[in-house]
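The structure appears below as structure tokens.
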Amino acid sequence: MTLDELYRTLPNGFHDAVVHSVTVDYSKREVRFNLSLWVGDLEGQDKGARYDYRDGILALYHFGYYIVEAPDPSYPYYGTNKITIDTGELKSLRSPPAVKLPPTQEGMFVSWIYVFEWNSFIYVAARRAELQWNGKK
């Protein structure tokens with residue numbers, strides 16, 4: 001499954017997901033995001049559930065690259081205790097990436113991860129994305 005396909009299975013995709021930590025394992029070629037996903041329903045009847053979050057781990061397997069742009073210096077990202085993201089397919093960007101991305105092997109998807117607090121992107125190429133939920137629903 002690609003990151004975009006996984007996005008479409010979630011109530012709000014990865015929009016406003018809060019990233020707690022990221023682990024990059026170069027020997028296994030895996031990236032793991034420990035995060036809280038927004039699963040609330042803004043139009044639902046239960047007003048208390050509108051802003052529900054659920055913890056999980058987003059894993060990217062057999063990655064080709066994991067490229068982090070430097071945070072925008074005009075954004076006050078120092079001192080923030082969280083980063084909030086959204087994701088999408090590379091072809092959905094209005095402008096090309098600020099960094100030159102390397103070529104990928106056949107069968108890899110290429111996606112962007114936008115970090116709101118940094119006003120910058122993380123670019124990933126991998127063969128498979130998977131979400132593992134933590135705890136109760």
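The values are calculated or read from the model by the stated rules, or taken from the named source; none is laboratory data. Keep in mind that this is a model prediction, so the values were computed, not measured. In this analysis, Cβ positions are derived from the backbone assuming ideal geometry, glycine residues included, and neighbour counts consider all displayed protein chains.
A few comments on the model shown:
- Residues (in contact (Cβ under 8 Å) with a residue 60 or more places away in the chain and under 20 Å from Tyr7 (Cα atoms)) located in segment 65-87: Tyr65, Ile83, Thr84, Ile85, Asp86, Thr87
- Verdict on Asn34 being at pLDDT 90 or above, farther than 17 Å from Tyr7 by Cβ and among the polar types (S, T, N, Q): yes
- Test: residue in segment 39-54 that is outside any loop (DSSP other than H, G, I, E, B), in contact with an Asp or Glu (Cβ under 8 Å, 6 or more places away or on another chain) and either surrounded by 11 or more Cβ atoms within 10 Å (Cβ to Cβ) or among the small types (Gly, Ala, Ser) (or both): yes
- Listed by first and then second residue, the pairs linking a residue in segment 98-127 that is on the phi > 0 side of the Ramachandran plot to a residue that is modelled with pLDDT under 95, with Cβ atoms under 9 Å apart and 6 or more places separating them unless they lie on different chains, are Asn119/Pro71; Asn119/Asp72; Asn119/Ser74; Asn119/Tyr75; Asn119/Tyr77.
- Of the residues making up segment 72-104, just one is within 16 Å of the chain's Cα centre (by Cα), surrounded by 15 or more Cβ atoms within 10 Å (Cβ to Cβ) and either assigned to a loop (DSSP other than H, G, I, E, B) or small (Gly, Ala, Ser) (or both), namely Gly88.
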